[in-house]
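Note sheet for the following structure.
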Amino acid sequence: MVSKFIYNIKSVNNLPHIEFNAYVIPRSPVSKIDGVRNGALVIRVKAAPEAGKANEEVRRCIADGLMIPLSKVLIMKGFASRHKLVAVPQECEGLLLGVIGQA
């Protein structure tokens with residue numbers, strides 16, 4: 001059974017954003033978006049969770065996957081956790097759903 005991706009539309013800095021949960025797997029052989037598990041986007045990153053390196057790689061992986069600037073990917077909560085709340089601009093909704101195969 002395929003898990004359904006869950007997200008919300010929220011205002012961040014007075015602009016509409018998509019907020020979604022991400023589950024991060026650090027120290028992976030490759031950095032990539034790896035589907036959906038329990039409603040959260042699964043992201044594998046090569047970096048170890050030290051000095052914010054894994055968080056930056058999470059942002060980079062999402063930005064590259066959506067083809068948007070790194071500055072548009074915000075980690076809202078979970079800086080020191082595998083479970084994160086991430087926000088991207090609302091206009092990325094179709095791209096995000098396409099990347100995870102639920103468009």
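The values are calculated or read from the model by the stated rules, or taken from the named source; none is laboratory data. Here the structure is a predicted model, which means the values were calculated and not measured. Because the Cβ atoms are built from the backbone with ideal geometry, glycine has one as well, and the counts that use them run over all protein chains shown.
Considering only the range 52-67, I want to know if a residue exists there that is loosely packed, with under 15 Cβ neighbours inside 10 Å and touching a Lys or Arg at 6+ places or on another chain (Cβ under 8 Å). No - not one qualifying residue is present in the range 52-67.
Taking the numbered list (1) surrounded by 15 or more Cβ atoms within 10 Å (Cβ to Cβ); (2) farther than 17 Å from CYS92 by Cβ in turn, ARG37 passes all entries but (1).
The condition of being at positive phi and at pLDDT below 95 does not hold for GLY98. Selection within the range 1-30: residues that are among the small types (Gly, Ala, Ser) and closer than 22 Å to PRO89 by Cα. The member of this set that is modelled with the highest pLDDT is ALA22.
Hand me the list of strands (runs of 3 or more DSSP E) wholly inside the range 1-67 holding 3 or more residues that are more than 17 Å from ALA80 (Cα to Cα) and in contact (Cβ under 8 Å) with a residue 24 or more places away in the chain. So that I can check it myself, show each step before the final result.
On the way: elements: 7-12, 15-25, 32-37, 40-44.
In the range 1-67, the matching strands (runs of 3 or more DSSP E) lie at 7-12, 15-25, 32-37.
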